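The values are calculated or read from the model by the stated rules, or taken from the named source; none is laboratory data. This is a predicted model, so every value here is computed, not measured. Neighbour counts run over all protein chains shown; Cβ positions are idealised from the backbone, glycine included. The protein model used for the area step is the full one, side chains on, heavy atoms only, and it has no ligands, DNA or RNA in it. Shrake-Rupley method; radii C 1.70, N 1.55, O 1.52, S 1.80 Å.
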Amino acid sequence: MDRAMEPRDRAGVSPLSSFDGGQTAEVLDRSSADGHQSLPTAPPVTGDEAGGSPGTAWLTPWVLMLPALLLFFLLFVLPQARLLGYSFEPDPQSAATGLTLENYGRLFGDMHYLGILGRTLWMGLLVTVITLVLGYPMAYWLARLETRWKTVLLVLTIFPLLTSAVVRSFGWMVLLYRTGVVNQSLQRLGIVDAPLPLMYTLSGVVIALAEVLMPFMVLTLYGVIRGIDRNLEEAAMDLGAGPLSTIYRVTLPLSAGGVLAGSLLVFSLAISSFVTPSLVGGPRVQLMATAIQEQTVSLLNWQFAATLSAVLLAVVLVLALAYSRLVERSGDRSAVVPV
Amino acid sequence: MLGDSRTEGAELVLDQLRKAYDRTLAVEDVGLQVRRGELVSLLGPSGCGKTTTLRMIAGFVEPTSGSIWIRGRDVTRLEPYKRDTAMVFQNYALFPHLTVFDNVAFGLRRRRMPSPNIRSRVGEMLELLELGGLERRYPRQLSGGQQQRVAVARALVVSPSVMLLDEPLSNLDAKLRAGTRVELRRLQQELGLTAIFVTHDQEEAMAISDRIVVMNRGRIEQVGSARDVYLAPATQFVANFIGASNTFSGTVAGAEGDSVVLHTPMGTLRGPRAGSANKTPAADAPASLIVRPEEIRVSSPDVETGLDTNVVRGVVQVSSYLGATVDLSVRGATARSFSRAEPIMLLACTRSEPTSACAGL
Ligand SMILES: Nc1ncnc2c1ncn2[C@@H]1O[C@H](COP(=O)(O)OP(=O)(O)O)[C@@H](O)[C@H]1O
Ligand SMILES: [Mg+2]
């Protein structure tokens, strides 16, 4: 079953290595893996059968990728490089000239900006945890559902993505105001005496963002949970694990990759989101994205805006790297992540 | 409700079990009693309801009606994790994120066995299935045969009242399959296990079972030992599904004692009554005579057989030499094939050229 377990016998190939480079070796290798005697009489297969001239075949994928690569370079690599460049230039008020670390010094030396960074990361963490906790059961339920309504439900899950975040944020404003639906209901039900401060607070931003980003979490988890063989859950139950124990010991560990991927996605989107924080949070809730906007548009300090952006980007990059390391390491062991 | 007399001594009882899906009746009125230490096969073509029956016993599928009893207890509506069954899945369903050891220990841990006991019990089980030394491997690092044995060990280790096996050998290559089959049977007998074994391979079922349940379209066609279902098939379906057979259709000419005489396009044939023909059939009623290939003697037409009935003449069309036997396809009215054990007098004849043959039934 498992080819990797059987050390391939390459001995049959070596005496023929003088033959004709890679392709001969490949043909013989294939036959020896099948357990046949490799015969040196077999003529080497040449690239001619493929149609095109053999010398340029390797170019094809690159030619096909060229437009995308070009766009990627022009619209992503160049602007990012320019942005990074800005962050090392002195800002308009500075006396410094040439390249400088002044902007970074200002960011990391000022409690105000450190506060914004910390608040943003904290907000991202809260949003991630909320979408994960609420989204996992929903994704699980969707993945295991077997009715013809399934497609409808999936479309409903994606539906919010089809409306603009601006519209949805205005919706949340209506809900979260002092006199909004949420506060009125809570007061009528006698759960709270005074209206909760939800608009223009971090709580409001977290609530609204969790809703806005929920589809990303649910869809990511849905795909991964769908891929888990139902028989595994049945086997666990068959061996005496109750439903919760089964999810904890089988489904959850096997969907750990999806949990990581979904969390990374939601966290990155949350800390870099602008529309919802600026509408629901307003000027009183200072976050990275709103601070960047303020620096760029109001204060015209592009250098410092670039610095803030670079730090935000660095956070996401570090997380993405950590993620891929985790996945790689657990990939060695077949499971997505150790339990 | 079942009286005590019917559940007594039976490890597993299925009573009027039925499962209806939207459009199909997957299992229909299946009744069965399995004694302790017995291995019973569910045998039938794909889609006949074997897996559904097995999954109802395990608790993964809720029966539409009927009941399931394990050791005298009604478990029909009991959750799977409270049932004393253990299943070997067709695709093994080994936990990919757990080592061989943890896979096998899974059931014992759910039963809160102290860990030193788990260690020794799992060790024993791995020894028994010749998996020693593989404790720390992950399932994907094992060969197919090893994975299969881990699946068996994982089910065995919890000492279930009833072990359920859903085509456990179908993912092994042919060479491994026969050996594993014998090994499985030996283990089952040694441990006195009660087991339900699902398969669509009649040879497998015959080789491994105490009794075979032949199923077709959700219903039980016949329950009996391998010998019973082969030599005394209860229905035409069983006769055709188990082993090769020749069917001669015709009308009843009359009955003589235990045997019935048929008029067929191939001549007048005589045979014992079986299955639904237990009461004397009316004259001219349609009937079939079923003959196993190895019950047929073949000779060349010029040999005097001395028989007046049950002789069929035909032309050999295909002769397949299979070592122990030679299978002959003989053309003549409705007979499908004849075959017989070595030595065969006709052999030289059939090799040289197609010739007419004379078969004594
Ligand atoms: N979940 C299901 N929904 C609808 N029909 C099903 C389902 N499971 C099985 N069936 C139907 O029930 C019949 C018996 O299936 P199954 O028990 O798997 O057969 P076998 O194991 O003998 O091949 C088949 O016709 C199959 O299509
Ligand atoms: Mg099946």
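Listed by first and then second residue, the pairs with beta-carbon distance under 6 Å, at least 6 apart or on different chains, first residue in segment A:142-156 and in contact (Cβ under 8 Å) with a residue 60 or more places away in the chain, second away from ligand 1 (no atom under 16 Å from the Cβ) and in a helix (DSSP H, G or I), are A:142/A:222; A:143/A:222; A:143/A:225; A:143/A:226.
Inside segment A:226-246, residues that are more than 7 Å from chain B (Cβ to nearest Cβ) and open to solvent by 50 Å² or more (accessible area, probe 1.4 Å) make up a count of 5. In segment A:303-324, is there at least one residue being more than 21 Å from residue A:102 (Cα to Cα), in contact (Cβ under 8 Å) with a residue 40 or more places away in the chain, of a type in the set (A, V, I, L, M) and open to solvent by less than 10 Å² (accessible area, probe 1.4 Å)? No, that holds for no residue. Can you find even one residue in segment B:15-24 that is assigned to a loop (DSSP other than H, G, I, E, B) and either away from ligand 1 (no atom under 16 Å from the Cβ) or open to solvent by less than 10 Å² (accessible area, probe 1.4 Å) (or both)? Looking for residues that are assigned to a loop (DSSP other than H, G, I, E, B) and either away from ligand 1 (no atom under 16 Å from the Cβ) or open to solvent by less than 10 Å² (accessible area, probe 1.4 Å) (or both), one finds none in segment B:15-24, hence no. In segment B:197-207, of all residues being surrounded by fewer than 22 Cβ atoms within 10 Å (Cβ to Cβ) and not charged (D, E, K, R), the one that is nearest to ligand 2 (Cβ to nearest atom) corresponds to B:200.
Checking each residue in segment B:58-86 for being closer than 30 Å to residue B:142 by Cβ and either open to solvent by 10 Å² or more (accessible area, probe 1.4 Å) or in contact with a Gly (Cβ under 8 Å, 6 or more places away or on another chain) (or both) picks out B:59, B:60, B:61, B:80, B:81, B:83, B:84, B:85, B:86.
Yes/no per residue for (1) open to solvent by 50 Å² or more (accessible area, probe 1.4 Å); (2) more than 26 Å from residue B:309 (Cα to Cα); (3) assigned by TED's automatic domain parsing to the domain that holds residue B:65; (4) touching a strand residue (DSSP E or B) at 6+ places or on another chain (Cβ under 7 Å):
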| position | (1), (2), (3), (4) |
| --- | --- |
| B:174 | yes, yes, yes, no |
| B:181 | no, yes, yes, no |
| B:188 | no, yes, yes, yes |
| B:195 | no, yes, yes, yes |
| B:213 | no, yes, yes, yes |
| B:249 | yes, no, no, yes |
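From the list A:180, A:223, A:190, A:262, the one residue that fits, being more than 13 Å from chain B (Cβ to nearest Cβ), surrounded by 23 or more Cβ atoms within 10 Å (Cβ to Cβ) and of a type in the set (Gly, Ala, Ser), is A:262.
The number of residues in segment B:172-208 being among the polar types (S, T, N, Q) and either closer than 14 Å to residue B:242 by Cα or within 15 Å of ligand 1 (Cβ to nearest atom) (or both) comes to 2. Applying the criterion of being outside any loop (DSSP other than H, G, I, E, B) and at pLDDT below 85 to the residues of segment A:41-80, the residue that is most open to solvent (accessible area, probe 1.4 Å) is A:49. Here are B:159, B:170: which of them is more than 9 Å from chain A (Cβ to nearest Cβ) and touching a residue at least 24 places away in the same chain (Cβ under 8 Å)? Sole residue among the options that is more than 9 Å from chain A (Cβ to nearest Cβ) and touching a residue at least 24 places away in the same chain (Cβ under 8 Å): B:170. Yes or no: segment B:33-44 includes at least one residue that is assigned by TED's automatic domain parsing to the domain that holds residue B:172, more than 20 Å from the chain's Cα centre (by Cα), more than 16 Å from ligand 2 (Cβ to nearest atom) and open to solvent by 10 Å² or more (accessible area, probe 1.4 Å). Scanning segment B:33-44, I find no residue that is assigned by TED's automatic domain parsing to the domain that holds residue B:172, more than 20 Å from the chain's Cα centre (by Cα), more than 16 Å from ligand 2 (Cβ to nearest atom) and open to solvent by 10 Å² or more (accessible area, probe 1.4 Å), so the answer is no. Looking at segment A:250-258, can you tell me whether even one residue there is in contact (Cβ under 8 Å) with a residue 60 or more places away in the chain and outside any helix (DSSP H, G or I)? Within segment A:250-258, one or more residues are in contact (Cβ under 8 Å) with a residue 60 or more places away in the chain and outside any helix (DSSP H, G or I). Of the candidates A:153, A:134, A:142, A:99, the single residue that is assigned to a helix (DSSP H, G or I) and under 30 Å from residue A:314 (Cβ atoms) is A:134.
When B:121, B:109, B:55 are checked against the criterion of being within 12 Å of residue B:158 (Cβ to Cβ), at the interface with another protein chain (Cβ under 10 Å from one of its Cβ atoms) and buried (at least 16 other Cβ atoms within 10 Å of the Cβ), a single residue qualifies: B:109.
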